[in-house]
1. For the range 57-71, what are the residues that are buried (at least 17 other Cβ atoms within 10 Å of the Cβ) and part of a loop (DSSP other than H, G, I, E, B)?
2. Looking for whichever is touching a residue at least 24 places away in the same chain (Cβ under 8 Å), within 20 Å of Asp90 (Cβ to Cβ) and either part of a strand (DSSP E or B) or not assigned by TED's automatic domain parsing to the domain that holds Glu133 (or both) here; the options are Val51, Val33. Which one fits?
3. I'd like to know if the range 181-188 contains one or more residues that are within 18 Å of Cys60 (Cα to Cα) and free of Cβ contacts under 8 Å to residues at least 60 places away in the same chain.
4. With the condition being in contact with a Leu (Cβ under 7 Å, 6 or more places away or on another chain), polar (S, T, N, Q) and outside the structural domain of Met209 (by TED's automatic domain parsing), I'd like the helices (runs of 4 or more DSSP H) fully within the range 72-182 carrying at least 3 qualifying residues.
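The values are calculated or read from the model by the stated rules, or taken from the named source; none is laboratory data. Since this is a predicted model, take the numbers as computed values, not measurements. Cβ placement follows ideal geometry from the backbone for every residue including glycine, while neighbour counts extend to all protein chains displayed.
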Amino acid sequence: MNFKSLQIEMAGPVAIVTLSRPERRNAIDESTVEEIGRFFESPPQEARVAVLKGDGQHFCAGLDLEEHARLRRTPVQFMRMCQRWHWAFDQMQFGGLPIIGALQGAVVGGGLELAAACHTRVADTSTFFALPEGQRAIFTGGGATVRVGRIIGPGRMVDMMLAARTYDAERGLQLGLCHEIVASGQSFARAMEIAQAAAKHAPLSNYAMVTAISRINDMSTTDGLFTESLMAGMVQSGPEVAAGLDEFLQKKGRRLEVTQ
């Protein structure tokens, strides 16, 4: 694949995906959305996990407002653009490839919507989160009402936007916007550690984690339990299970590590 706004490299089984518009604080324009969707729709076959990061000091500053102002989209055009964002981020969340987000600096507006589509989010101490759409006379369109609203709750999301709140990394951790905080400049290194560990899991197990859990959360209790049993039946009968069980029964499995 040839991309203008993304840089792709492989580190063993880990695909490193870099937003490469540092002069725009990695703001997302139409071509960037298409490239994100295309990559995660058909990632390299050798990729077991992906790490998503931004080039420069910021992860992503959101919608490219310069392009937005220049194009003067009609309501229908803007709605269709939002639907392309939904498509692209659905490829991330439900595509089956675990994605570790390495966050730093601005994770703002559409950048927060992008981060929310990652399965694990590592922030460094420079990270800050905001949804400033109200201050710019616009509204979220890349899925924040669904993904961010479900992470922090709809009431808090309304307050976050009305009060123009900016959350630092610590507050983001408390709210679930990130899952871990590391020292400044270390989010990519830590994201790679997580990715390399996750790449050792059975592929079918990883697939179940990143595709089933969010969908089950969107179901009734009865449907969710039934779907869980179907997925468990598929995973537990997968080709890697016998070797894993043998290793455990022979007491060769690694000890579980306690994390904070």
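1. His58, Phe59, Ala61, Gly62, Asp64
2. Details: Val33 fails: either part of a strand (DSSP E or B) or not assigned by TED's automatic domain parsing to the domain that holds Glu133 (or both).
Answer to the check: Val51.
3. Within the range 181-188, one or more residues are within 18 Å of Cys60 (Cα to Cα) and free of Cβ contacts under 8 Å to residues at least 60 places away in the same chain.
4. Working: elements: 75-94, 110-116, 147-152, 154-162, 169-175.
Helices (runs of 4 or more DSSP H) meeting the threshold: none at all.
Residue by residue, here is whether (1) within 18 Å of Thr127 (Cα to Cα); (2) in contact with a strand residue (DSSP E or B) (Cβ under 7 Å, 6 or more places away or on another chain); (3) of a type in the set (Gly, Ala, Ser); (4) at pLDDT 95 or above holds:
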{"residue": "Gly143", "(1), (2), (3), (4)": "no, no, yes, yes"}
{"residue": "Arg150", "(1), (2), (3), (4)": "no, no, no, yes"}
{"residue": "Gly153", "(1), (2), (3), (4)": "no, no, yes, yes"}
{"residue": "Arg156", "(1), (2), (3), (4)": "no, no, no, yes"}
{"residue": "Thr166", "(1), (2), (3), (4)": "yes, yes, no, yes"}
{"residue": "Arg171", "(1), (2), (3), (4)": "yes, no, no, yes"}
{"residue": "Gln174", "(1), (2), (3), (4)": "yes, no, no, yes"}
